[in-house]
Every structure is written in structure tokens, then in C-alpha cells.
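Coordinate-derived values only; no laboratory data. Here the structure is a predicted model, which means the values were calculated and not measured. Note: ideal-geometry Cβ built from the backbone for every residue, glycine included; neighbour counts use all protein chains shown.
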Amino acid sequence: MSERRKALVRMEIARAALALFVEKGVAGTTGEDIAHQLGISTRTLWRYFPSKESCVRPLLTTGLDAMAQRLRSCPRGVALLDHLEREGAFDEDDRLAAGPVADLIAMTAREPALKAVWLEVHHAAESVFAEIIAERTGAAPGDLAVRVQAAALNAALRLAAEEGARHRLTAGLDGPPGGVGALVRKAIAAAAEGLPAFRSAPAAEPRG
């Protein structure tokens, strides 16, 4: 089976698992339920995923994979936010975070096993971001400054997604004002600013 076909099967499993989690709850869903929904054996299911909760992983990695691609394609000398705007990334974030994905991210707040998968996905993404930043700067991926930048970007994306999902649940199906893309833009901008609350005050101008 080709890698492309395997990826398609993994996504089919992810969607089926999420539908069952929404309908029956995570605790009320078994691996057998997911396999039955797809017409496959549990043995086949476990070849793709080690646990029922991990079955939804492909849905959680889609946005992070897209961000990694955009980081790689960002021209040198161009601000990341400008590049993302030109690429239509924030509109894409709205599409990716709509519907089932938003429901899934919201579920991670109350389902510890799903939360673990969500954090694991972001931990893996952080390493990818560090490699991309290191390549652009000429530093090593393990360099502290590189790791901090990767962690800041990763946290910005995770918090924006969680805030969007929370807002969708509490304020209605339309989601936050401006969409999730606006939250991602705001979060990345905040990460890019560093720690403005701790910057030194501008020097007073001398009096004539």
C-alpha cells in the first residue's frame, strides 16, 4: 500500500473515531466500535494506531503540518505574518478549525487521554519547528534560542486553537469574531513580540 493510501486510511479512521467519540463519548467507544464502523478488523485498526484515542491524531496534525510547510516556504527577509497573510494561511486556519476539528480540540479539555494525544502532537511539531528555524539561522536545532522560538510559536498555535474551540462551544457555532484565523494571527504576533511587558522603558529625552 502506498504512503498516500495509508494516509487516506488513517484519516478515514480518525473521522470515524471522532464521530463515535461525539456520539458515545470516549469511554463508551471501543476499538471494536471504530473498526466495525469502517468495516475492518481490529487487528487492522491496531496496525495504524496503538490506542483508540490516538486514532484521531491525523485530524490534530493537519494544521500543524500546514504551518510547517509555510515556515519552510517563507522567503528570507519576509516577516512571518506577512508571508502567512499572502499565502491565505489564516483563511485556511478557519477552514481547518471548523466543525469536527473544533469539536475534537474542545474535547481535549475534558478527556485526559485525548489531551495527551493533543500535547504529544504539539510536542512533535515543536521539534519540526526547531529544525526549520535552525536551518534558517544556521544554528543547531538543540540551541536554546532556537528551542525557545519553536516553543513560543508552538504555544501560540496551540492556545489559539484551544481558544477558538472554547469560544465555539460557549458563544455559538460561528466561533470567535474574525474566526480562528484572527486568533492565530494575534497569537503569532504576540509570540513575535517576545516579552514587551518586560522591555526597558525608552530613555527620557534630555531637556534643553
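Setting aside same-chain residues fewer than 8 positions from residue 186, which lysines have a Cα under 30 Å from its Cα?
Once the sequence-local lysines are set aside, what remains near residue 186 is 115.
Debye sum, Cα scatterers, region 3-54, no solvent: what log₁₀ I/I(0) at q = 0.23, 0.27 1/Å?
Summing over Cα pairs of region 3-54 leads to -0.80, -1.08.
Is it possible to state the helix-based mean residue ellipticity at 222 nm for the chain, with each DSSP H run of 4+ residues giving -39500 (n - 2.57), the sum divided by total residues, to the nearest 500 deg cm²/dmol? What is it?
Values: 10 runs with 146 residues, N = 208.
For the chain, the value works out to -23000 deg cm²/dmol.
Between 0 and 90 degrees, rounded to the nearest ten: what's the tilt of helix 144-171 against the longest Cα principal axis of the chain?
Tilt relative to the chain: about 60 degrees.
To the nearest 20 debye, what charge dipole does the chain have about its Cα centre, counting +1 at the Cβ of each Lys and Arg and -1 at the Cβ of each Asp and Glu?
300
Please turn the phi angles of region 4-15 into ³J(HN,Hα) values with the Karplus equation 6.51 cos²θ - 1.76 cosθ + 1.60 (θ = phi - 60°), one per residue in order, whole Hz, x for glycine and proline.
5, 5, 4, 5, 5, 5, 4, 5, 4, 5, 4, 5
Using C-alpha positions alone, give me the convex hull volume of the chain per residue in cubic angstrom.
Given the Cα convex hull of the chain, per-residue volume reads 175 Å³.
Over the chain, calculate the relative contact order: mean separation of alpha carbon pairs under 8 Å at least 6 apart, over the residue count, as a percent.
Worked out over the chain, it gives 18 percent.
So what are the ³J(HN,Hα) numbers for region 183-194, from phi and the Karplus equation (6.51, -1.76, 1.60; θ = phi - 60°), rounded to whole Hz, Gly and Pro as x?
So the J values, rounded to whole Hz, are 5, 5, 4, 5, 5, 5, 4, 5, 5, 5, 6, x.
Could you give each residue of region 112-125 its phi-based ³J(HN,Hα) in whole Hz, using Karplus coefficients 6.51, -1.76, 1.60 with θ = phi - 60°, and x for Gly or Pro?
3J(HN,Hα) across region 112-125, in whole Hz: x, 5, 6, 4, 4, 5, 4, 5, 5, 4, 6, 4, 5, 5.
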